[in-house]
1. To the nearest Å, what is the center-to-center distance of the stretch B:166-197 and the stretch B:330-367, using C-alpha atoms only?
2. Could you please report the charge total around A:VAL129, scoring K, R as +1 and D, E as -1 over all other residues with beta-carbon less than 15 angstrom from its beta-carbon?
3. For chain B, just the Cα atoms, rotate onto the principal axes and tell me the three extents in Å, largest first.
4. Could you order the peptides B:742-754, B:649-661 from most to least packed, using the average number of other C-beta atoms within 10 Å per residue?
5. What share of the DSSP beta bridges in the protein assembly as shown is antiparallel, in percent to the nearest 5?
6. What is the stretch B:382-473 by shape, rounded, prolate or oblate, if you read a ≥ b ≥ c off the alpha carbon gyration tensor as root eigenvalues and call it rounded for a/c under 1.5, prolate for a/b larger than b/c, and oblate otherwise?
7. Exposure proxy check: B:ILE102, B:ILE36 ranked by fewest other beta carbons within 10 Å?
8. Taking the Cα atoms only, what angle lies between the long axis of helix B:2-16 and the longest principal axis of chain B, rounded to 10 degrees?
Amino acid sequence: MRSIIINILLLVCVVFVSCTEEITMDLKSGEPVLVVDAAFTDEVRDHEVILSVSSEFFSNVPNPPVSGATVILRDEMKQLELDEDAGRPGFYIIPADFRGIYGQVYTLDISGVDIDGDGVVESYSASNVLYEPTKIDKISLSWDVAHGDKNWNVLLYSKDNPDKEDFYAFSVYLNNELISDKISELEYAWDRYFNGNDVNGVSVQQIIEEESDGEETEYHLKEGDWVKLEMQTINKDYYHFIDAVQEETGIQVPLFSGPPANVPGNISNGAKGFFRVYSVDRDSIRVTKEILDLRDE
Amino acid sequence: MYKKIVFIVFIISFINTKGYSVPPVLSDNVVLSGYIKDGQNGELLIGATVYFKELKTGTISNLYGFYSFSVEPGKYTIEYVYMGFKTVTRELEINTDVSLNIELFQETESLQEVVVSGKKLDANVRDPQMSVQKLQSKDVKSVPALMGEVDVIKVLQLMPGVQATSEGASGFSVRGGNPDQNLILLDEAIVYNAGHMLGFFSVFNNDAIKDVKLYKGDVPASSGGRLSSLVDVRMNDGSNKKIEAKGGIGLISSRLTLEGPIIKDKTSFIVSGRRTYADLFLPLASDEGAKDSKLFFYDVNAKLKHVINNNNRLYLSTYMGRDVFKDVNSKMDFGNQTYTLRWNHVYNPKLFSNITFIGSKYDYKLGTNEEASEFTWKSRLRDYSLKLDYNYYLNPNNTLSFGLQSIYHTIKPGTAQGEGDDALFSKVDVPDSNGLEHGVYISNSQKFGSRLNVKYGLRLSGLQNIGKGTIFRFDDDYDVVGEDKYGSGELFNSYWGLEPRVGASYILNNTTSLKSSYSRTRQYIHLATNSTSTTPLDVWFMSSPNIKPQVCDQFSVGLFKNFADNTVETSVETFYKDMDNSIDFKDHPDLLLNDKMEGEVRTGESWAYGVELLVKFRKERFSGWLGYTWSKSWRKFDEINNGEKYLSPYNHDHDISVVLNHKLGKRSQLSLNWVYFSGAPFTAPNGRMFVGGDIIPLYSKRNEEQLPDYHRMDLSFTIKNKKKEGRKWEGEWNFAVYNLYGRKNAWSIYFEQDEDDPYKSTAQKTYLFQFVPSVTYNFKF
C-alpha cells in the first residue's frame, strides 16, 4: 500500500525538476552499543547469530565484531550454547539439528560482554514465537513495464488464515541465488486488509531486469531458469521492524517523510538490532518459453 | 492560573478607570453611518478611516464596509481616508441620524503626487490591534512569484513571523506554530488544504481577492479554533457599475475573471477561473512513465451580491478547486469546495449584523488500475456552519462586537476498497467522526481619553463529540483494550473553555505607540501529518475522550512608530507563546487508513518566543518592506526524544525578508525580493549498525542538526502596454526569475548506502528550483 502511494507522489515530483548531489557533513558520534543480527526459522539448516558493535556513521569499514560472548538459544524444552565460528569472529552458529518447533517461544541470551568498557559484564536477551507457516498454493510470473522500470512480478496464490492476525514477508530467488538479500528489499504484508481472503495472483515480489533510468541489471531470465518465492510467516514486531528499516533506508522527502527515528528492536538492555523468528514456505516455477513470450512480445 | 490573574487585573483596572473618560456621553447623541465604497466598481472598502477633524477622533469601516459614529449634534468636517485612494472631505451639519454612503476613487498613477494624507494614515499606530498584517490584491501582484503565479500565501510568507514549511510550499508556520494551527478563511468558510500541486501553488486566485488580513496573535474574540493565526481572505464582490474582465496567460497557468452588474448598482457578480497546464511539460520528463500522464489543477471563485436596500445586503460566494493526477496505473484527485450565504442587516445606525450559512468540503480519491489488486481509497471532510456577528457602535468611545458560531464537522477519515471479484483487499473503513464546535463571544473596543485604547473580550468555545462514532480505549502502552460505539446523534463527550482576549495601545505621540496583548486560543481539530510539509492525503481528526483540545496563551508587546508623514511604518514586536496538549506522533507512525490512529498520537507541551522587526515604506518611486525575525520554537514530550526538549521542525532562528518595488517610469516597475532564513532542524544519525544486510542509522536526539541556511533572490519586471485612446484593452507583460543566483537550497538531506561499497554511506542533498524564469501576459478590459 505504501509503495503505491510513494509511486504516485514521486511521479508528481518528477515534474518539478529536482536534483540530488552528494555533500560532505560532519556528524556527532554516539556511544557504541551491541548490535544483534540473528534469524531463526523452521528450516533444517545452520542459522547464524551475528554480534557486532555500532560505529560512527561515515565509517567506511565493516563494524567491529564481538567475539567471545556466551550466546545461548533456548525454547521451552531445550537449550544450547552456540559456538563461535573459528573463521568468522562475531558469527555464532545455531546448528541444523537444533530444530524449531511451532508454537514455542525462542529466547536468545547473550552475556559475557562489556561493550561500554566499564568493567561490568553485561547481559542481553530477546524472544520471539515461531508460528506455523501459511502455505503457498502456487506462483506465476507476469511482465510489468508500467512503473518506469521493466520487471517480472512474482504472483502468489494462497489462502490467509482467517482465525489469526498474520504478517508476512517475501523474498525471491533466481536459480537459487537470493536476489532480495537485504531487509530493505523484502516485501511485507499485514492481513488486516485481506484477512481470510483467497490470494489470487497478487504480486508479492519482483525481479527487475531494467531500472527506470534504463540501466540493465544482472538478472535476465532465460528458458530453463528457476524462480523461487519464499513466503515468511513473521510476527507483528518484525513486521514493524521491516517497515521502519525501509523508511530509514529509503529516500526521505520533506513532503512525505517524518522525522527519522531509531528502528524498533526486540533486544533488552539497550542493544540494537533484531532477533527474528519465522517459518518459511517456498515454491518454484520454471521459466518456459510461454513465460518469456510475455516479455518478448 | 497566572493567566487568570492577568485577566482579572485587566477587568478591575477597567472598572477603576471608568471615571477617566472624556466628555460625558449625552443621551441625545446622533449617529452618522453608512457604507464606504470604491467609486469605480462599487467594492465595499474594509478598514477605511472616518475622521472627525473637530473631535480629532473617528472610526473605521467594518468587514462589510459599514461605518457608524455617534456625535453630539453640530457641524463637523469629516475626512474619509483609505490607503491608495483620494481622501474625500465632507462638511456636514448633523442634527439627526444621518445615513451617508461615500465613494472613494483610486489615486491615479502619477509621479508628481506623493501618496500621503497626513495623520489619518496612522491606523497602525492608533489601533489597539497588533500582530496583524494586511495585504491587498495589488500588493500581492507586485511581488515576484514562482513560475509567474502571484500568490497571496507566498507573500504572507515574506512577513516577519511567518515561514513556509519547506521550499515552495503553501503550508506555513506562524510564530513557530504548526501549519494546522492557521485558520484560513475564504469569505468566512474554512479552507482545509490551501495548496494546489502538493502546495507549490495556493488555492487563492489573486484576481478574485479584495483583501487579506493575517493575525499572528491577538486574534479578535470573534475568531477561534486555531492556535497560531487567522488568515482572513475576502473576495471581491464584483463591480456593480460596468462589466469588466481581466486575466492572464502564463507559462503554466492561465486565468480569467469576469465581473459586472446584473442590475446596475443593485446586483453584481464576479466569476474567476484558473487552470494550469503543467502536463504540457511532461513529455519532456526523462521518466518514461511520466510521458503519458495527466497533471493539472483548476479553480473557480464565484460570487453574487444583491443590495435589497440600504440596510440589507445578500452575498452568495463559492469556491471550487480540484487537482487531478493520472498515469497509466494510478490516479489521484483532491480539492476544496466552499459555499457561503451571507445577509448583512443594519438594525439601526448603531447596530450592524451579519448572518452567515457556510458549507465546506475537502476530499480526495486515489486508486490504482492494476489487475488483481485494483483498489480505490477515499477520504472526505465536511463542515456545515452557522455564524452570527454583531457590531454595536455604542458611543464614540465604545464599539462592541458579539456573536456566535456553530460548526458541524463530519469526517470520513478513509475508506479503501478493492474492486472486482478477485480483489485482494477487503473494505477498510475507518469509522466516521462527527462533532459540533461552538463559539460565543463578546468584546468591546474602548477609548480612554485621547491616548489609551483598550480592547477586551471573552470567547467561550467548546466541542461536542457526537455519534455515529467509535472510540478505542488504550492502555498505557497505547495498545487497544476496548472500543465504545455510539449511535447516530448521541452526544458522548464535550470540552469547554474560556478564551480571554485583551489588548491595549497607548499613544506616546502622534507617530508612536506602545501596544500589548494577551490571548488564549483553543483548538479542537488537528491534522494527522507526519511530514513537516503537509500533503493532500493528511486527515483531520477531532479532539475526543483520548485527545484533549490544544490550548495556547500568547503575550505580545510592541512599539510602533511612523516616520516621514506616515510614509515609513516601523514596528518591533516581541511574543511569547505557551501551548498545552500539543500534538506530535510516535516514531514511524501509521497515520493512513488506520482506525486506531489515536494510538499513534503523543501529547506534550510546546512554547515559542521571538522578536519581529518590520520596516514598511511607501514613497514616490520606491515601496516595499524589510522584515527580520529572531525566534525559537520548542517541544517537550515524555515519549519523544527521551522526554528531553527538542526544537520544533518549524524553528528558524533568523528570518529576513526584503521586498523592494521601484517604479521606473509611468508604465514599468521592477521588483525584487530577497529571502534568508536559518536552516530547519533535522535529525541526523550519530552512528550506524548492520542488520540483515542493511546499514541502518542510529539516532540519539531529535532535530539536533540544522539544514544549511536558505537564501534566494527573485526579480520581476512588469511593463504595461501604452494605453491607446478609446481602447478599453489594457495589457502588461511580466518577466520574472525565481532564485536569480541559482543557490542550491537544500530541500532535504538524506543518507544513502553506496551502491558499490556496502560499507560506505553518503549524505545526499536534494534541491529544487534553481533559476526558474517565467513570462506572463496580463490583461483587463
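Derivation of every value follows stated rules applied to the coordinates shown; laboratory data play no part. Note that the structure is predicted; figures quoted are calculated from it, not measured. Positions of Cβ are backbone-derived with ideal geometry, glycine not excepted, and every protein chain shown enters the neighbour counts.
1. 16 Å
2. Taking every other residue near A:VAL129 into account, the sum is -3.
3. Result, largest extent first: 89, 63, 49 Å.
4. B:649-661, B:742-754
5. Counting DSSP beta bridges with both partners in the protein assembly as shown, the antiparallel share is about 95 percent.
6. Verdict is prolate for the stretch B:382-473.
7. Least crowded to most crowded, the residues run B:ILE102, B:ILE36.
8. Compared with the principal axis, the helix lies near 10 degrees.
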